Amino acid sequence: MGTDKLKSVVKNIREEIVRLGGQVHFNSKVTKIKEEKDFCTVEVNGKETFSAPAVFLATGHSAHDTYKMLLDEGFELIGKDFSVGVRIEHLREDVEYSMYGKAALTGLLPPAEYSVSYREGGRGVYSFCMCPGGLVMASASENGSIVTNGMSYHARNLTNSNSALAVSVLSSDYGASPLGAMEYQRNIEKTAWQYAKNNSAPCQTVKDFLEDRITVSFGKVVPSYPHGVTGARLDTILPAHVSALLKTGLRRFAGAHSFFSEGTAPLTGVETRTSSPVRMPRDKRLRASGHNRVYPIGEGAGWAGGITSAALDGLRAAESYILGEDYENQGNGTEN
């Protein structure tokens, strides 16, 4: 679809909600949720309240402030496994030639995508959200932090292709608590910020990363991060086990795809928001554990990992609310 077209799609969805009688409130932060016997009350911005028979929480995976509010209100959250890493960029034409061979020169094939992964023990390193002919973008949700992401326009014809390279973080790495999971993410993002100059992001070529050197110049592949990059040692930002497995992955992926052998390919950090670090336990009707009228859904609830799975999770929750007890009776009684 492309980010350029997605903006219109989101606007049209909002306008359809309004046409059907719904309301959209901007600049509205949920500061409290109170469940009564027959309805829920939602406090917004610490003063205004709304009441409804049910509340669907679709916060997205970066709503740390909402997670803390829910903990304060007595909702159950648990820390979960997630992943952190970097964005890697290659020339789009190199990716296409590696994937298509001489057929790439015809111009008849779509922009090439790839997927790589490697497991070692209980952890993995893998590509995620691969963006052909796209850009590495700034995606921080808090001041004083650096977070990267990727995007492509509909044409997918820009110079570089990029992908996240992410490494598993296990709940045992941070003590399995929800606050510990969020703090683990935040510490990496704030460490990355220490390298920032005018909102630039820390960056290192693959060759320098593998050889533990600060990058002082970039060559064949120019980083696309819109605020510029600053040469850094990414292994001083990322946890040691993340850096080690990332290095192993890069060496192994070079044996599968020629473009992974490109030493000037930039690694821009840090990609920490691949998925939610916490999960809200749910009952068999997809309601928050211990609550009858609150439905945590999508990535923010820790039950989805991407646009499609989040959409499907929302549809299932809506179906559960509409059908009530019949939802479980029809064999939908799962906790995920």
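The values are calculated or read from the model by the stated rules, or taken from the named source; none is laboratory data. The model shown is predicted, which means the values in this text are computed figures rather than measured ones. Cβ coordinates were reconstructed from backbone atoms using ideal geometry, including for glycine residues, and neighbour counts include every protein chain displayed.
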Inspect region 29-36 for any residue being touching a strand residue (DSSP E or B) at 6+ places or on another chain (Cβ under 8 Å), outside any helix (DSSP H, G or I) and of a type in the set (A, V, I, L, M, F, W, C) and give the result as yes or no.
yes
Single condition A176 does not satisfy, out of (1) crowded, with 19+ Cβ neighbours inside 10 Å; (2) in a loop (DSSP other than H, G, I, E, B); (3) of a type outside the set (S, T, Y):
(1)
Filter result (more than 18 Å from the chain's Cα centre (by Cα) and acidic (D, E)) within region 284-336
E319, E325, D326, E328, E335
May I ask you to list the residues in region 101-115 that are surrounded by fewer than 18 Cβ atoms within 10 Å (Cβ to Cβ) and outside any helix (DSSP H, G or I)?
G107, L108, L109, P110, E113, S115
Just one of G300, G219, G263 is modelled with pLDDT under 95, of a type outside the set (S, T, N, Q) and in the same structural domain as V167 (by TED's automatic domain parsing); which is it?
G219
Hey, does region 134-144 have a residue that's touching a residue at least 12 places away in the same chain (Cβ under 8 Å), within 22 Å of F259 (Cα to Cα), buried (at least 20 other Cβ atoms within 10 Å of the Cβ) and in contact with a Cys (Cβ under 6 Å, 6 or more places away or on another chain)?
no
Among the residues of region 67-79, are any over 20 Å from Y174 (Cα atoms), touching a Pro at 6+ places or on another chain (Cβ under 6 Å) and not hydrophobic (A, V, I, L, M, F, W, C)?
no
